[in-house]
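Enquirer: Here it is, the structure, as structure tokens.
The values are calculated or read from the model by the stated rules, or taken from the named source; none is laboratory data. Nothing here was measured: the structure is a model prediction, and the numbers come from that model. Positions of Cβ are backbone-derived with ideal geometry, glycine not excepted, and every protein chain shown enters the neighbour counts.
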Amino acid sequence: MDVQTFLASGLLEAYVLNQCSAEERSTVETMLQKHPQLREEMNRIELALEQFAQANAVPPPAGLRDKILRDIANDASTGSQKVNNFTRNMILGGAISAAVVLAILWQGSQRGYRLLEQENKRMQQEMQDCQTRQKQLIAMEDQFNLLRDPGTKVINIAGKEKQTAVYYNNARQSVALDLSRMPKAEPGKYLQFWAIVEGETAPKSMGMVATDGDWQKFAYVENAIGFAVSEEPTPDGSAVPTTVVMAPI
Amino acid sequence: MQDSIIIQLQQQDQRAIATLYDQYSAALFGVIMRIVQSRELSEQVLQDTFTKAWRNGASYNPEKGRLFTWLLNIARNSAIDATRSAQFNHSKKSDSLDSLVHTPGSEQINPEHVGLRELVGKLDEKYARLIEMVYFQGYTQEEVAEATGIPLGTVKTRLRFAINELRLIFSDNPAAMLLIGMMAERI
């Protein structure tokens, strides 16, 4: 859609008024991203409506400001209350959803449906956040268990400037590399991770080293006695190490 | 100024709420009063609005609109929830809509905005009512058409016209006022 057609469609006004379907909303957001001048236009629409609201303003009672600020300060100062509020909000969230369902049955109104849809979206978002956090927690727990296990061997490897460690555990069949202390690859070069396996003459490739994160797990390899990192010219690595940049100390 | 409030808001800095309250509480209270129609309940809703803004500050995304638009959405939804739980029924709400929208009590006028109020008074009543219903009270355009008996297409056209007219009113351009008069005749 070109900018003129878009402006004439009235979608931008509908967006500001919260009157868009999900599909229309994504059209508007795409257009805003593509044409920054539309953002200016949206801002002007919002400003006009904001001034309209200001023109119809009713001053709230004098004591309310302090009361609200006091409540917020309480909310902030008690950490445990936050948890309680969170739990309460979760329960309340459920209760509100149920109430909204009842409202629909009772009223059969479109407005109730819209609220339910919004509520539903919010709950979905919250659930997604919880799941992401849970995944992070599980990964951290996994890392913590490996680190404190007495059966975990810590193999230090070092290069010219930096030193890091590989955590190797037979019973857990785990190999993990601490990336937080790794050197960066030269521009256009890629780091590959190798295991030196007992009884074998050539090092075994474990895969490429990730470019972000601070902890990387690799597929377990039996009878490793050392590990190394090499710098390679291709992102897929090589069959034999090109330039070894880190080796066991 | 908006930028620093946004950062404070996202970091749950209490100063953000104080600033937002000073700037927007009266405008929001005006909207809430229109929906809730009880002063006592309106105060509760205004308090809920700022508490929600405080708790959900991190979710505000400046790319999706101005702070006031965000706050208004919170206020409007809280007010609609409050009227529902107070078991206001729909017909009562529509009835009192007419009585409330166009008869603001003299004690409610915010002196700072008297000049603006006069200006907005120049906005044709049929447009003012449309904006009130949609922008303040969260009616969909379909619901407006149903409630007022105006065809949906006309509702949409008038709404766009009303917003453009507001933009002219607030543009401080005397020539704009003439233009409004001329254009209003045509729709």
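Enquirer: Does at least one position in the stretch A:20-42 carry a residue that is hydrophobic (A, V, I, L, M, F, W, C), closer than 19 Å to residue B:70 by Cα and part of a loop (DSSP other than H, G, I, E, B)?
Expert: Yes: one or more hits.
Enquirer: Further question: In the stretch B:127-147, what residues are assigned to a helix (DSSP H, G or I) and either among the aromatic types (Phe, Trp, Tyr) or farther than 18 Å from residue B:34 by Cα (or both)?
Expert: B:127, B:135, B:136, B:141, B:142, B:145, B:146
Enquirer: Would you mind telling me which numbered condition in (1) exposed (fewer than 15 other Cβ atoms within 10 Å of the Cβ); (2) more than 22 Å from residue A:140 (Cα to Cα) residue A:246 fails?
Expert: (1)
Enquirer: Name the single residue, out of those in the stretch B:162-187 being assigned to a helix (DSSP H, G or I) and within 10 Å of chain A (Cβ to nearest Cβ), that is modelled with the lowest pLDDT.
Expert: B:169
Enquirer: Here is a list of conditions, (1) at the interface with another protein chain (Cβ under 10 Å from one of its Cβ atoms); (2) over 14 Å from the mean Cα position of the chain (by Cα); (3) buried (at least 18 other Cβ atoms within 10 Å of the Cβ), and residue B:25 meets all of them except one; can you say which number that is?
Expert: It is condition (2) that residue B:25 fails.
Enquirer: Could you please let me know if residue A:175 is modelled with pLDDT under 90, buried (at least 17 other Cβ atoms within 10 Å of the Cβ) and β-branched (Val, Ile, Thr)?
Expert: When the stated conditions are applied, residue A:175 does not pass them.
Enquirer: Additional query: Looking for something hydrophobic (A, V, I, L, M, F, W, C), assigned to a strand (DSSP E or B) and in contact with a strand residue (DSSP E or B) (Cβ under 6 Å, 6 or more places away or on another chain) - is there at least one such residue anywhere in the stretch A:177-189?
Expert: yes
Enquirer: Please enumerate the residues belonging to the stretch A:208-224 that are at pLDDT 90 or above and in a strand (DSSP E or B).
Expert: Scanning the stretch A:208-224 gives A:208, A:216, A:217, A:218, A:224.
Enquirer: Give me a count of the residues in the stretch A:48-76 that are facing chain B (nearest Cβ under 7 Å), outside any loop (DSSP other than H, G, I, E, B) and either touching a residue at least 24 places away in the same chain (Cβ under 8 Å) or of a type outside the set (D, E, K, R) (or both).
Expert: The number of residues fulfilling the criteria is 13.
Enquirer: Give the stretch B:133-156 a look and list any residue that's at positive phi and surrounded by 19 or more Cβ atoms within 10 Å (Cβ to Cβ), or say none.
Expert: B:138
Enquirer: Mind checking whether some residue in the stretch B:95-112 is out of contact with any strand residue (DSSP E or B) (no Cβ under 7 Å at 6 or more places or on another chain) and either modelled with pLDDT of 50 or more or over 19 Å from residue B:30 (Cα atoms) (or both)?
Expert: Checking the stretch B:95-112: not a single residue is out of contact with any strand residue (DSSP E or B) (no Cβ under 7 Å at 6 or more places or on another chain) and either modelled with pLDDT of 50 or more or over 19 Å from residue B:30 (Cα atoms) (or both).
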